[in-house]
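The values are calculated or read from the model by the stated rules, or taken from the named source; none is laboratory data. Just so it is clear, the structure is predicted and the values come from calculations on it, not from any experiment. Neighbour counts run over all protein chains shown; Cβ positions are idealised from the backbone, glycine included.
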Amino acid sequence: MYSREKVELFLLATEDGMGPTAAAKFAGVSVGAAKKWATGHLPHSYTGARCRIGARKPPRKEASLGPDKSTYAPPATGPLAGLNEDQIENLLLRAVLADLKAEGWDPASISNRSKCELGERLRRATALPLRSITGFLRISKSSYEYWRPRVAAPRDRDADIRDRVVRIFREGSGCWGYRTVWARLRREGVRASEKRVALLA
């Protein structure tokens, strides 16, 4: 006797246009049982009683595993106002895939900082509300707001020595190398590694 899942798999395959033999192979059931099911005689394990396909009740609608479609509600104004929810979702998916340059996208594999960076680019490009962006990227609003200022204005780690390095380099008419610049910084009491100075000089 076949499980309910195998019968449902067979029925879905036939609804998608597969023949009984191909659907049987796809569902992992015997061809004889599949031909019987194709004529309308479903097993007791599926229906609870012997019946024909036409008499079965439509399957219950189950809760969606993906984000709620209202997440992609189009904005009232702007260039995306005329699009429907599916078009907006498609637009966001294309933007994500183009940004990540990957075969697929798994939200768990991306840091919240990267999600926020992508979200800000999507907001500028699409003018979608924040609710749509955070829902699509599967990031909480609080995490998004935490990373937003950090993404908007990245910290310049070399700001404290940049002006001095440029000044010393110009004093040497652009001829001094990073070691000379680094030595002069040390004389002025500035502590910085040679690598930092080499990147700036």
Index of the failed condition, Glu117 passing every other in (1) over 30 Å from Ala198 (Cα atoms); (2) of a type outside the set (Phe, Trp, Tyr); (3) at pLDDT 65 or above: (1)
Residues of the stretch 146-200 classified as part of a helix (DSSP H, G or I), among the aromatic types (Phe, Trp, Tyr) and not assigned by TED's automatic domain parsing to the domain that holds Leu130, total: 3
Options Gly66, Gly32, Gly17, Gly82: the member that is loosely packed, with under 12 Cβ neighbours inside 10 Å, under 30 Å from Pro129 (Cβ atoms) and modelled with pLDDT of 65 or more: Gly82
